[in-house]
1. Dividing the alpha-carbon radius of gyration of region 8-109 by 2.2 N^0.38 Å (N being the number of residues), what value is obtained?
2. I need the per residue convex hull volume for region 1-66, using only the alpha carbons, in cubic angstrom as a whole number.
3. From the gyration tensor of the Cα coordinates in region 71-113, what semi-axes in whole Å does the equivalent ellipsoid have, largest first, with each one equal to sqrt(5λ)?
Amino acid sequence: MPRAFGLAHLRSRSPHPDIIEYLERIQATLDPYGGRFVIHTAELEVVEGSWPGSVVLIEFPGREEARAWYESPAYQEILRLRTDHIEGDLILVEGVGPGYDPTERARKLRAADPEGYAGDPEGRAGAAAPAAPGAPVS
């Protein structure tokens, strides 16, 4: 079974004692579900696009454990300590297994939609060619 992750993109934050309390209490909510922090930082390097804020990544043994943690009374009890003072998003996502091969994914995508993945990287198969500069538009 692939591991699962809780990925939080935390943007604006307002310093508040509730955040310290949240940090002091969160690990006890994770322990019964095998959750552990993998990334917990305000320092990151953006190499593509923009990413205002910070990122938190919590690993779980599987999706069921991740969902059970989030819905647990213990976590729900402290959730507002964070959400009242930090704007952000949280997703739960399943990871890939140890033998994951992206070329297999590419093969399945091509097989499912051979026309859409037939070598047209812009997705314009069948579209009219752009008009030459200065040409009348019909």
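1. Cα Rg divided by the expected 2.2 N^0.38 Å: 1.25.
2. Spread over its residues, the Cα hull of region 1-66 gives 101 Å³ apiece.
3. 38, 13, 9
Read-outs throughout are calculated quantities, based only on the coordinates presented, and are distinct from any laboratory measurement. All values derive from a computational prediction rather than experimental measurement.
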